[in-house]
Amino acid sequence: MNKAVFASINAVKNAVGNGGGSGKSGPNYQSFVFLGANFDNTFTADPEKTGGMANADAELAVQLLTDITKPKERNGNTAVGLAFAPQASQGALDEYLASSASGDDVSERKLADGLRAAGANEDAIANHVPIMRFARQKRLALLALAPDTADIETISKGGLQSLSADRRDAYVTDAQGFISLTQEPKFKLYSQKSLLKDAPQSTDESTQKSEQANFFAERILVHEAAATAVSRWATSRPDSLVVTVAPIPDVRFLGGMNGRVPRICKFLNPGTLVTDEAVTTILLNPSAKETLSESRWLRLEIGTAPNNWEYQTKVADYLWFSSSPKVNMIPRMMNEQ
């Protein structure tokens, strides 16, 4: 039975291969880390609990990035993926990375302008500044992962069929796998218990059905596009590492962009050694609500009924907090057996 784990940074280093825990390396192996962050002031991220620290999720992400990337020199094969950034903004990210750190104000304004012009959310830009600064300081690549905003709007109104074939192909490389995934029992459980929980609600049955279908189409394309982008980048670089920062709903219960990576890596490189074990998911300062719990406790798994135990899935590999969580937030501690 899957269990959520609360552990030390050394466990995370081992999980991504930096501590030698995986025993895998070379041209056919890549590591992926997904940091789920909503950039909100949950109990453990509240400035009153963090010594006045604002934007605690970003600071926590930078701390984890520092520890994860420090033990091993990667020389151009480490990247930070940005789920909020439309792929049309890749040029702005590349220009920022090439700029001099001495001109921070100017380069960051230009970066913000470029992201904004591509349709990125204003608050998301501000929240990710510490992460993007870290990437430039450490000479890590920055990857824009989101579909372009016009394409998302098209799908949200008319479903996947309303998007032209050439635009779909820009985001989906494994078309058959993309389609087949939606029919798998484990993915159906994830969709029912996590993905569709954020879908629009309507009192009109017909409207509800249409809006849910379009929401589902939008989210699976967003997830596939991000997973494809990080997999393409990593597959072409031996022993590479990509750390992606994404909203908690896009990575919780391992069925979003994170769950798609092994399949896409296999499609891109049939000889790949990337499996589910190569993908590590960490939620930053999650609240009970953000794990879809209806109580004060964090929800640690889905698939707890007798008819779906076979597909039981944990909420994440690790839960990371900026300050001590309430004791009654966590129904059990460590890796219970």
For segment 200-282, alpha-carbon Rg and Dmax in angstrom
15.5, 52
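Is segment 228-334 best put as rounded, prolate or oblate by its Cα gyration tensor, with a ≥ b ≥ c the root eigenvalues, rounded for a/c under 1.5, and otherwise prolate when a/b is larger than b/c, oblate when not?
Working: a/c = 2.75, a/b = 1.73, b/c = 1.59.
Prolate, because a/c is 1.5 or more and a/b exceeds b/c.
Going by average Cβ density within 10 Å per residue, which order do the peptides 137-150, 225-238 take, highest to lowest? Please report the intermediate quantities before stating the final value.
Working: 137-150: 19.3, 225-238: 22.6.
In descending order of packing, they fall as 225-238, 137-150.
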In the neighborhood of R167, defined by Cβ-to-Cβ distances under 9 Å, what is the net charge if each Lys or Arg adds +1 and each Asp or Glu adds -1?
-3
Take each of the peptides 54-64, 26-36, 87-97, average the number of other beta-carbon atoms within 10 Å over its residues, and list them starting from the highest.
26-36, 54-64, 87-97
Cα→Cβ-extended label distance, 7 Å offset, between E95 and L196, nm
4.3 nm
Let me see the P(r) profile for segment 277-337: every Cα-Cα distance counted, bins of 5 Å, each bin given as a percent of all pairs.
4, 15, 26, 27, 18, 7, 2, 0
Where does each of 39-45, 207-213, 122-128, 161-167 land if you order them by average Cβ count within 10 Å, highest first?
39-45, 122-128, 207-213, 161-167
On a 1.4 Å probe surface of the protein chains, which of F215, F134, F267 comes out largest in accessible area, and what is the full order?
F267, F215, F134
For segment 180-194 and segment 89-162, what is the centre-to-centre distance using only Cα atoms, to the nearest Å?
30 Å
Which of P238, S295, A124 sits farthest toward the positive end of the charge dipole of the chain, with +1 on the Cβ of Lys and Arg and -1 on the Cβ of Asp and Glu?
P238
Volume per residue (Å³) of the convex hull spanned by the alpha carbons of the chain is 148 Å³
Given R₀ = 51 Å, FRET efficiency for E205-S323 by Cβ-Cβ distance, to 0.05?
0.70
Using R₀ = 22 Å, calculate the FRET efficiency as 1/(1 + (r/R₀)^6) where r is the Cβ-Cβ separation of K188 and E277; round to 0.05.
0.40
Would you work out what percent of the accessible area of the chain, with all protein chains in place, is carbon or sulfur (probe 1.4 Å)?
50 percent
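Taking only Cα atoms of segment 164-215, what ratio of Rg to Rh do you get with Rh as the Kirkwood inverse-distance radius? Walk me through the numbers before you get to the answer.
Values: Rg = 13.6 Å, Rh = 12.8 Å.
Answer for segment 164-215: 1.06.
Past the 25 Å Cα-Cα mark, which pairs from K193/K266; K186/K289; K157/K188?
Numbers: K193/K266 27 Å; K186/K289 22 Å; K157/K188 23 Å.
Among K193/K266; K186/K289; K157/K188, the Cα-Cα distance tops 25 Å for K193/K266.
Compute the Rg/Rh shape ratio of segment 138-241: radius of gyration over Kirkwood radius, all on alpha-carbon atoms. Present the calculation step by step, with values, prior to reporting the outcome.
Details: Rg = 15.5 Å, Rh = 15.2 Å.
With Rg and the Kirkwood Rh in hand, the quotient comes to 1.02.
The values are calculated or read from the model by the stated rules, or taken from the named source; none is laboratory data. Owing to the predicted nature of the structure, the values given are computational and were not obtained by experimental measurement. Reconstructed Cβ throughout: ideal geometry from the backbone, glycine too, with neighbour counts over all protein chains shown. Each accessible area value is taken on the protein alone, full model and side chains, heavy atoms only, with ligands, DNA and RNA left out. Shrake-Rupley method; radii C 1.70, N 1.55, O 1.52, S 1.80 Å.
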